[in-house]
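Rule-based calculations on the coordinates, nothing more; no lab input. Given the structure is predicted, the values throughout are model-derived calculations rather than measurements. FYI the Cβ positions are ideal-geometry reconstructions off the backbone, even for glycines, and counts take in every protein chain you see.
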Amino acid sequence: MRIKVAGFGGQGVLLLGQILAEAGMAAGLEVSWLPSYGPEMRSGTSHCHVRLGTAPVDSPLVSRPNVLLALNEPSLRKFLPAVVPGGWVFYNGPAVPEDCGRDDVRWLVRPFTELADELGEPRAGNVVMLGAWMETSGVLSEETVAAALARLVKSKRWLELDQRALWCGRETAKTGDAQTT
């Protein structure tokens, strides 16, 4: 699985990628995680590449993702063209922008940040999206993701919040059908 995670600096893009990689390793998968550092950390578009699979990883770069986790519209616009036909796009928003529609990918569009805000912290939108991806993909178990969260999130308050955010994401993925545009 070739995953691109993208959003504004401060939306937890790199943490989301780390959680995927840690959970993948715990599940016995071959894994790579490659973060993008640079000026985007000051509110520009930040991204990371994650690979999960049973075969050895030949390159950590993800140029043609089969999963895009887009936490904002600029990231959607930047990386959507590279998603392979039949791939999944998870988008944090109320709807897919009209000019971004593709009918050859599967969509899960939810206001992940707003859902996290209802839990008390909008910055947990990345973990709500992770929960939705988990529910949809079935690649990683709840146990491996929870263990990765426990290793990476040191604050008890944030860990409890992220556990609720995971559940929220899984539940929101169950409501409504995946969209195609």
Among Ser137, Ser75, which comes first, then next, by fewest other beta-carbon atoms within 10 Å? Ser137, Ser75
For the chain, with +1 on Lys and Arg beta carbons and -1 on Asp and Glu, the positive-most of Val62, Thr136, Pro74 along the dipole: Val62
Checking the cross-link filter: which aspartates and glutamates have an alpha carbon closer than 14 Å to that of Lys154, excluding same-chain neighbours under 8 positions apart? Asp162
Rounded, prolate or oblate for the chain? Axes are the square roots of the Cα gyration tensor eigenvalues, ordered a ≥ b ≥ c, and the cut-off for rounded is a/c under 1.5. rounded
So if I take the centroid of the Cα atoms in the stretch 13-27 and the same for the stretch 101-172, what is the distance between those two points in Å? 12 Å
Whole number please: convex hull volume per residue of the Cα set in the stretch 91-141, in Å³? 76 Å³
In a shell of Cβ-Cβ distance under 10 Å around Cys100, excluding Cys100 itself, what net charge do Lys and Arg (+1) and Asp and Glu (-1) give? -1
Here the gain from full extension of Lys154 to Glu73, 0.36 nm per residue of separation minus their alpha-carbon distance, amounts to 26.2 nm
Cα to Cα, under 14 Å, and not fewer than 8 places away if on the same chain: which aspartates and glutamates meet these conditions relative to Lys78? Glu40, Asp99
Among Thr113, Thr144, Thr54, residue whose mean-square fluctuation peaks in a GNM of the chain (springs only between Cα atoms under 10 Å): Thr54
Within the chain, what percent of beta bridges assigned by DSSP are antiparallel, to the nearest 5? 50 percent
